[in-house]
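Structure, as structure tokens:
The values are calculated or read from the model by the stated rules, or taken from the named source; none is laboratory data. Please read these numbers as outputs of a predicted model, since none were measured by experiment. Cβ coordinates were reconstructed from backbone atoms using ideal geometry, including for glycine residues, and neighbour counts include every protein chain displayed. Heavy atoms of the whole protein, side chains included, go into the accessibility calculation; ligands, DNA and RNA do not. Shrake-Rupley method; radii C 1.70, N 1.55, O 1.52, S 1.80 Å.
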Amino acid sequence: MLLFRWAILLLLLVAGASFAFYAGTGQVRYRRFGWIVLKWTLLAAFGFFAVLIAERVF
């Protein structure tokens, strides 16, 4: 569980750094990469927490 939390944190930092690169350079590829990383990170986090909630319910 701790490993998964660190992975989510690092992926969010990667997305944030990508958006910072976009703000600094104006290159659209950094924004696109940031959105992709952010989308999949949030989907994985929601899935992880759904499993934790389901574990407590059942």
- Residues (open to solvent by 70 Å² or more (accessible area, probe 1.4 Å) and either at pLDDT below 95 or under 12 Å from the mean Cα position of the chain (by Cα) (or both)) located in the stretch 13-52: L13, F33, W35, I36, K39, W40, L42, L43, F46, F49, V51
- Filter the stretch 36-58 for residues that are within 20 Å of W6 (Cβ to Cβ) and among the charged types (D, E, K, R) and give the result. K39
